[in-house]
Amino acid sequence: MAAEGGGKEMNEIKTQFTTREGVYKLLTHSEYSRPNRVPFNSQGSNPVKVSFVNVNDQSGNGDRICFNVGRELYFYIYKGVRKAADLSKPIDKRIYKGTQPTCHDFNHLTATAESVSLLVGFSAGQVQLIDPIKKETSKLFNEERLIDKSRVTCVKWVPGSESLFLVSHASGNMYLYNTEHTCGTTAPHYQLLKQGENYSVHTCKSKSTRNPLLKWTVGEGALNEFAFSPDGKFLACVSQDGFLRVFNFDAVELHGTMKSYFGGLLCVCWSPDGKYIVAGGEDDLVTVWSFLDCRVIARGHGHKSWVSVVAFDHYTTSVEESDPMEFSGSDEDFQDQMIHFGRDRANSTQSRLSKRNSTDSRPVSVTYRFGSVGQDTQLCLWDLTEDILFPHLPLSRTRTHTNVMNATSPPAGATLITNTSSNTTNGNNSGASTPGINSLSTTLPRSNSLPHSAAGGGIGSGIMDSAIATGVSKFATLSLHDRKERHHEKDHKRNHSMGHISSKSSDKLNLLTKTKTDPAKTLGTLLCPRMEDVPLLEPLICKKIAHERLTVLIFLEDCLVTACQEGFICTWARPGKVGLLSSQNQASSPSGTVV
């Protein structure tokens, strides 16, 4: 791949890596962990997770970090690239008995310097609402485990709401709660609201309003993660049955689906404009799915084990306009548009991305940057470029593999997009309302994609009913034998591992439909294209950065944050950001500056 060095160096843990933007450096003094800094014995423990919030306090240091390690939960001031971490003074620390924290999420709408609302999910199924600044525990949901007894896999506030939150469980169920309602003293009774292929939604049947407001049953096996679209209107869910399912959240309707190459899907994220979804899982791949076309447009192969986290980098996604705006590299021009931790996308960014939907003869070109970490202890960064997104162009037929080390610099007009938001609408309200882009006259940037001449013929709405017919017609012009030979060297190492997929029925988890999707029937269709039928991305960088499996990847304005199962949360300064803010905010105490 693109990893620097070879042989013995490949197994060394990297403390820096280089991309076209420059050098990312690990800030050893900005490492967060348990106060004793002793590696955590992670056997049998739930993954370490990290949540951020900005409380906008007057000191200019309003960033807060929360992370769980084993039975413990910590809440610190996060100093990032500015100053060394002080682990001796956590704002709040909690140790739980009989259960472990598994995930958590801050409500960014209600956060202030005096109070924050933090949801914490647990291995025994409960969800706790706490305020780590006031050191209060306000409410406990599913306390008696009458709603669900299985592990909480993901918890998130509903975008734009101060009181609604969504919780997924290892049972395959999701529940919608309201913090202002109680859970009741008896097991809830449900009545069917809506059902579809491999999913159903029930309402809670009771005389007075009580939690949960809704119960979603999705797929078979555990529901591993979910993510709201940037405008908060759609919900992407990934399950142990290997399916990505995307729902219209308010209408409670299925928008589209995708199947992993094999095994369960473990993680999912949205692009800043809501047009693409990336999922990763037990097939060691990252899979890029088009929200508009409801189809797989690319896969990325760089990891040697399960992919645990995928995330888009909203700050390095580049936009080239027909009338380019120069970016000098200074943050001052964008300071007013920045709100920490990617909650509120700036209007200028939104307009640049939305121009791709216009009918101009010269639309803007976009390169999406996303990252992934896995159980192989590796961090991979990927670029999703125009020859992958819009393969109808003439150049895509003669596209040759571009060596990462020789990749050209971004165009002079490339700018950093500033932020993402949960509350900004961005034209992806429905697949039909956002026109696709069928003609681009601009020169394509070089890419790390393998040659691919027919990566996505004119597919309209990718509905599962026409999956097989479309999958066959889409590649009718190609000789499959020729394609296999051309891609033989790049074939995935588990191309023939379909037999590993379990076909056991799981009637307990899905009572509504007896139809089990046969993996052998989905392979080669729109749900799950063959490896040779979609472009195969190679990572820009692929670096071993930890001793234990990685569980966190978060892109922030000045840095990116990773965490491993040993309980170490690492800060990687972006190029030119090492100690950047120390001269502005910490001039009086240079001793804390990381250089």
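Just so you know, all these numbers are worked out from the coordinates, no wet-lab data involved. These figures come from a predicted structure and were not determined experimentally. Because the Cβ atoms are built from the backbone with ideal geometry, glycine has one as well, and the counts that use them run over all protein chains shown.
Tabulated data for the structure shown
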quantity: Per-residue HN-Hα couplings for region 380-388 [Karplus 6.51, -1.76, 1.60; θ = phi - 60°; Hz; x = Gly/Pro]; calculated: 10, 10, 10, 10, 9, 10, 5, 5, 8
quantity: Spin-label pair SER115/SER305, simplified geometry with 7 Å Cα→Cβ offset, distance in nm; calculated: 4.4
quantity: Region 1-156 - percent relative contact order, Cα under 8 Å, separation 6 or more; calculated: 16
quantity: Amide H within-cut-off set for CYS559, under 5 Å, with H built and near neighbours excluded; calculated: ARG574
quantity: Peptides ranked, highest mean first, by Cβ atoms within 10 Å: ranges 208-219, 273-284, 39-50; calculated: 273-284, 208-219, 39-50
quantity: Vicinal HN-Hα couplings computed from phi for region 113-129 (Karplus, 6.51 cos²θ - 1.76 cosθ + 1.60; Hz; Gly/Pro x); calculated: 5, 9, 7, 9, 9, 10, 8, 10, x, 10, 5, 8, x, 7, 10, 10, 10
quantity: Distant-in-sequence amide H partners of SER318 (H built 1.01 Å from N, under 5 Å); calculated: THR367, ARG369
quantity: Of LYS79/LYS577; LYS156/LYS233; LYS134/LYS215; LYS259/LYS521; LYS49/LYS215; LYS275/LYS543, those spanning more than 21 Å from alpha-carbon to alpha-carbon; calculated: LYS134/LYS215; LYS49/LYS215; LYS275/LYS543
quantity: Charge sum, other residues only, whose C-beta stays under 10 Å from CYS380's C-beta, Lys/Arg counted +1 and Asp/Glu -1; calculated: -1
quantity: Approximate spin-label separation ASP57-THR209, in nm, with each point projected 7 Å along Cα-to-Cβ; calculated: 3.5
quantity: Charge sum, other residues only, whose C-beta stays under 12 Å from SER88's C-beta, Lys/Arg counted +1 and Asp/Glu -1; calculated: +3
quantity: Charge dipole (debye, nearest 20) of region 120-214; +1 at Cβ of Lys and Arg, -1 at Cβ of Asp and Glu; calculated: 120
quantity: Two-site FRET efficiency, ILE13 against LEU164, from Cβ-Cβ distance with R₀ of 51 Å, rounded to 0.05; calculated: 0.75
quantity: Cβ-derived FRET efficiency at R0 45 Å, LYS521 paired with ILE95, nearest 0.05; calculated: 0.35
quantity: In Hz, Karplus ³J(HN,Hα) per residue of region 94-99 (6.51, -1.76, 1.60; θ = phi - 60°; x = Gly, Pro); calculated: 10, 10, 9, 10, x, 7
quantity: Loop sites in region 18-84: GluC sites (Glu not before Pro), DSSP, at most 16 other Cβ within 10 Å; calculated: GLU31
quantity: FRET efficiency for LEU146 and GLU31, using Cβ-Cβ distance with R0 set to 30 Å, rounded to 0.05; calculated: 0.15
quantity: Sequence-distant residues sharing a close amide H with LYS304 (under 5 Å, placed H); calculated: ASP376
